[in-house]
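Where a number appears in this text, it was derived from the coordinates with a stated rule and is not lab data. Computed from a predicted structure; not experimentally measured. A quick note on method: Cβ atoms are made from the backbone with ideal geometry, for glycine too, and the neighbour counts reach across all protein chains shown.
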Amino acid sequence: MNTLLLFITLAAQATAQPVKVSFCDGMTRISRDGTPPTAQTHTLHAARGEWEPLQIIVTGTPEQLKNIAVGATGIAKTDSEALLPAPKVLREHYVRVAKPTPMAPLPLGDYPDALVPLDLPAQEFSGDIINQPFWIDLFVPYTAAPGAYFGEVHFKLADGSVHIASYTLNVWDFDLPVVPKLRTSIMTTVRRIAEVHGLEYKDNTPSLTHLGLLNAYYDLLAEHRLSVDQIHGSYPDASTGKLDEDKVERALRKHLLHRHCSTIGLPIWPEWPFNDPLGKDRTAAMSYVAQWMKLLAKIRCESRVYVIMGDLDEPNNADAYANVRKWGEFFNEVEKTHGVRVPLLITEQPTPEKAAWGALNGAVDIWVPHFSAVWKDMEWAGGKHDIAMRRQAGDEVWAYAALVQMPDEWENLHGKPKQLTSSFPPVWALDYPAMAHRVIGWLLPKHGITGLTYWDTLFAAEGVDVWQDAGTFKTADDAVYNGDGSFIYPATEKRHGRHAPVASIRLKWLREAVEDYDYLMLARQLGLDEDAQRLAASFARGFGDWDNNPGSLMEARLQLGTLIETAHHRKQTAALGKGGAQ
């Protein structure tokens, strides 16, 4: 009896615990049942045209956290009546890491990742005291006046009590570029979107529901300053290869002038929309490419184009290299015949694995080595610096992440570690640090790398429920790569009440990396490159030399923003003085 009374008393005390509300930044992951942060407010700094996140954590019993009503106010300027739009509020959803990604430094367990709109069903959890983090996404319009702003998020519990969380936003007096400076190609295919949402996709003709979803995915990536590799609206007729110029122009305008995406892939594959584009259909295929490019030129966006073909990527033998050269000759001939340039992108490092395969110089315009290949070529003592030489020759170099691919040379230098903690070529897996995702924005400029590619956002191995299981990619030898190829969660009508793409926390980190890159490019334009590189070196010295320290990154960003704002003011003052003298 005494034991029962003690249990009832403890249970009552747990239920009676007051709900707590706390803050943290967007780089911290909050465990479901761990000790919550202690901060009672939070201060953000952002430029115009920038997204900036924070997290608010509500801690209580599962019963207390049921059916929380959340509302955010507009963001008010402290010294005027100016009001910025209310931020987006998203509920964090946890997925389980049951088996570690190779060499992962973080433990097994539940990780917050999916950022679910508040109108979709909430995840249920048991336990005594738990945390429910909410992701707060603020956007600073280009019309915002600089200065301090104040915002609130209100949490109304089932018992009628209301908790108010207040934060401060400092808006810097400069703009991020409308079109991101970092060029990106993020593969998200028409067919895969249909599959994950349970939609039919017959004869290359999407339904109205499917078309709406395609635009929702394209919009979501663009909102994160990323560009999907290709858009369905720009496709030719699948059976004839002919373009509906009005339709394609509208799609290109929406993607490049409305979404402000940095790139667009020209849709052509080895056997689509022409059966033999390198042979009997060569003339027709070249005319199609030229026609498509002239539509881009009409809206003055031809510099944003490239061609990517999965069939050509990662060539790994002499025949594959020869095929890339044939396609390079094709696009070179298009340029000579029709006067339009279409850069060919190939996922490969400039140094061939075997010299006998021959070189791809002159065929490839955009090289995309893996992050580890960048380290090996440019930072390892035995590197050949072929990336630098291709850039000097006029080619572009982008880079990509996939799986865990540590070079033997890196492992030998670091004593063959069983876990990767910092200073490794970044890995984009769920059980790797936030810094492994975001630091890339500070690393790319060191080697003149101007773009990023990624191979999928919706991948999941057969039988994997991404809403529960983080183990999206599995290999034949039973290795698991948590979250690899999966940066967007598909909400479906059957499961959630409506179809929608749902962003992950990791997608937000990539957005922050793109914005960091924009800061560095702004600094370069203002003559601050030396200062910017000095700040970057405080935590990010190379692909194989960076610190897992988000605080150092945030401090460097704060200092860089202040330097950019000061230089921007000097530039404005000088322009006014010059105008007055005239």
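With a 10 Å radius around each residue's Cβ, average the other Cβ atoms per peptide and rank 254-266, 469-481, highest first. It would help to have the intermediate numbers written out before the result.
On the way: 254-266: 20.1, 469-481: 17.2.
Top of the packing list down: 254-266, 469-481.
Please state the Cα pair-distance histogram of the chain with 20 angstrom bins from zero: what percent is in each bin?
Percent of Cα pairs in each bin: 18, 52, 26, 3, 0.
I need the GluC sites (Glu not before Pro) found in segment 341-437, filtered to DSSP loop residues with at most 14 other beta carbons within 10 Å of theirs. Present the calculation step by step, with values, prior to reporting the outcome.
Values: sites: Glu348, Glu353, Glu379, Glu396, Glu409, Glu411; in loops: Glu348, Glu353.
Here the sparse-neighbourhood loop sites are Glu353.
For segment 133-148 and segment 415-433, write down the distance between their C-alpha centroids in whole Å.
A separation of 33 Å, based on Cα centres.
Applying 1/(1 + (r/R0)^6) with R0 = 41 Å to the Cβ-Cβ distance of Ala574 and His258, what FRET efficiency is obtained, to the nearest 0.05? If you can, show how the numbers build up before the last one.
Numbers: r = 34 Å, r/R0 = 0.84.
Using R0 = 41 Å, I get an efficiency of 0.75.
Which order do peptides 431-440, 32-41, 213-222 fall in by mean Cβ count within 10 Å, highest first? List each step's numbers first, then the result.
Numbers: 431-440: 23.6, 32-41: 14.0, 213-222: 19.9.
Most protected by this proxy first, the peptides run 431-440, 213-222, 32-41.
When the Karplus curve 6.51 cos²θ - 1.76 cosθ + 1.60 is applied with θ = phi - 60°, which whole-Hz ³J(HN,Hα) does each residue of segment 94-104 get, with x for Gly and Pro?
Values per residue, Gly and Pro as x: 9, 10, 9, 9, 8, 9, x, 4, x, 6, 5 Hz.
Just grab the label-to-label distance for Ala297 and Arg191, each label 7 Å out from Cα along the Cβ direction, in nm (one decimal).
3.4
How many nm is it between the label spots at Ala158 and Gln559, if each spot is 7 Å from the Cα in line with the beta carbon?
Placing both labels 7 Å beyond Cα along the Cβ direction yields 5.0 nm.
At a Förster radius of 60 Å, what calculated FRET efficiency corresponds to the Cβ-Cβ distance of Phe150 and Asn316, to the nearest 0.05?
Numbers: r = 56 Å, r/R0 = 0.94.
Working from the Cβ atoms, E equals 0.60.
Longer than 21 Å from Cα to Cα, which of Lys20/Lys77; Lys242/Lys280; Lys77/Lys571; Lys280/Lys336 are they? Say none if no pair is.
Details: Lys20/Lys77 27 Å; Lys242/Lys280 17 Å; Lys77/Lys571 26 Å; Lys280/Lys336 19 Å.
Flagged as over cut-off: Lys20/Lys77; Lys77/Lys571.
Cβ under 12 Å from Gly485's Cβ, Gly485 left aside: what net charge do those residues give with Lys, Arg +1 and Asp, Glu -1? Could you put the intermediate results ahead of the total?
On the way: positive: Arg192, Lys474, Arg506; negative: Asp456, Asp484.
Within the 12 Å Cβ shell, the charges total +1.
For segment 40-106, build the charge dipole from Cβ charges (+1 Lys, Arg; -1 Asp, Glu) around the Cα centre, then report which of Thr43, Val58, Ile75 sits farthest towards its positive end.
Checked the options; the winner is Val58.
Which GluC sites (Glu not before Pro) in segment 501-547 pass both tests, a DSSP loop state and at most 11 other beta-carbon atoms within 10 Å? Could you put the intermediate results ahead of the total?
On the way: sites: Glu512, Glu515, Glu530; in loops: none.
Taking segment 501-547 and a limit of 11 other Cβ atoms within 10 Å, no loop GluC sites (Glu not before Pro) are found.
Work out the length of the dipole vector of segment 133-225 about its Cα centre, built from +1 on the beta-carbon of each Lys and Arg and -1 on the beta-carbon of each Asp and Glu, and round it to the nearest 20 debye. Let's see the in-between values first.
On the way: 7 positive and 10 negative charges, 66 e Å.
The calculated dipole for segment 133-225 is roughly 320 debye.
Would you mind calculating the relative contact order of segment 11-141 from Cα pairs under 8 angstrom and at least 6 residues apart, reporting the percent as a whole number?
Relative contact order for segment 11-141 comes out at 35 percent.
If the cut-off is a Cα-Cα distance under 19 Å, which lysines reach Lys99, setting aside same-chain residues fewer than 8 apart in sequence?
Excluding near neighbours in sequence, the set is Lys418, Lys474.
Taking only C-alpha pairs under 8 Å that are 6+ residues apart, what is the relative contact order of the chain in percent? The partial results should precede the final answer.
Values: 1131 pairs, mean separation 87.2, N = 582.
Contact order relative to length: 15 percent.
Quick check on the chain: helices-only [θ] at 222 nm, where DSSP H runs of length 4 and up contribute -39,500 (n - 2.57) each and the sum goes over total residues. Nearest 500, please.
Details: 15 runs with 174 residues, N = 582.
When only DSSP H runs of four or more count, the value is -9000 deg cm²/dmol.
Would you mind calculating the relative contact order of segment 150-230 from Cα pairs under 8 angstrom and at least 6 residues apart, reporting the percent as a whole number? Could you put the intermediate results ahead of the total?
Working: 60 pairs, mean separation 21.6, N = 81.
Normalised by residue count, the contact order of segment 150-230 is 27 percent.
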